[in-house]
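These notes concern the structure reproduced below.
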Amino acid sequence: MARLGDLLSKIVSERGWEKPLRLQSAVALWPTVVGPALAANCRAVEVQGDTLLVKAKNAAWRSEISFRKEAILIELNRHIHPFQIKDIRFLA
């Protein structure tokens, strides 16, 4: 008898859902990647295409993410490899 995890993996693969699911996992990974202080003030909301949308509490926190953007992208993409988040954008 097949295991549930194996069946789900097969369905995800057959339907072409692997890339969108892996990219969306960046939202759940956000606190781990950016740490507790940044995660408490900036929340990853969703992925649209290959862009992660983030809601920051204020301009100071948006600046902090902008300053650390490259490092954040590298770390996020390390977790979701082989797929890539290419940009981080801010929601109003």
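Under 9 Å between Cβ atoms, at least 6 apart or on separate chains: pull out the pairs that start in the range 32-56 with a residue that is closer than 20 Å to Glu18 by Cα and end on any residue that is hydroxyl-bearing (Ser, Thr, Tyr).
Close Cβ pairs satisfying both conditions: Val47/Ser25.
So Leu23 fits all but one of (1) under 19 Å from Ala92 (Cβ atoms); (2) within 9 Å of the chain's Cα centre (by Cα); (3) not in a strand (DSSP E or B); (4) not small (Gly, Ala, Ser); what number is the exception?
Evaluating Leu23 over (1) under 19 Å from Ala92 (Cβ atoms); (2) within 9 Å of the chain's Cα centre (by Cα); (3) not in a strand (DSSP E or B); (4) not small (Gly, Ala, Ser) leaves (1) as the failure.
Among the residues of the range 26-43, are any in a strand (DSSP E or B) and surrounded by 11 or more Cβ atoms within 10 Å (Cβ to Cβ)?
Taking every residue of the range 26-43 in turn, at least one turns out to be in a strand (DSSP E or B) and surrounded by 11 or more Cβ atoms within 10 Å (Cβ to Cβ).
List every residue pair whose Cβ atoms lie under 7 Å apart, where the two residues are 6 or more positions apart in sequence or sit on different chains, the first residue falls within the range 76-90 and is free of Cβ contacts under 8 Å to residues at least 24 places away in the same chain, and the second residue, located anywhere, is assigned to a loop (DSSP other than H, G, I, E, B).
Correct list of pairs: Asn77/Gln84; Asn77/Ile85.
Within the range 70-92, track down each residue that is surrounded by 14 or more Cβ atoms within 10 Å (Cβ to Cβ), assigned to a helix (DSSP H, G or I) and either in contact with a strand residue (DSSP E or B) (Cβ under 6 Å, 6 or more places away or on another chain) or among the β-branched types (Val, Ile, Thr) (or both).
Ile72, Ile80
All of the numbers you see were taken from the coordinates with simple rules; none came from a lab. All of these numbers come straight from a predicted model, not from anything done at the bench. Cβ atoms come from the backbone with ideal geometry, glycine included; neighbour counts cover every protein chain shown.
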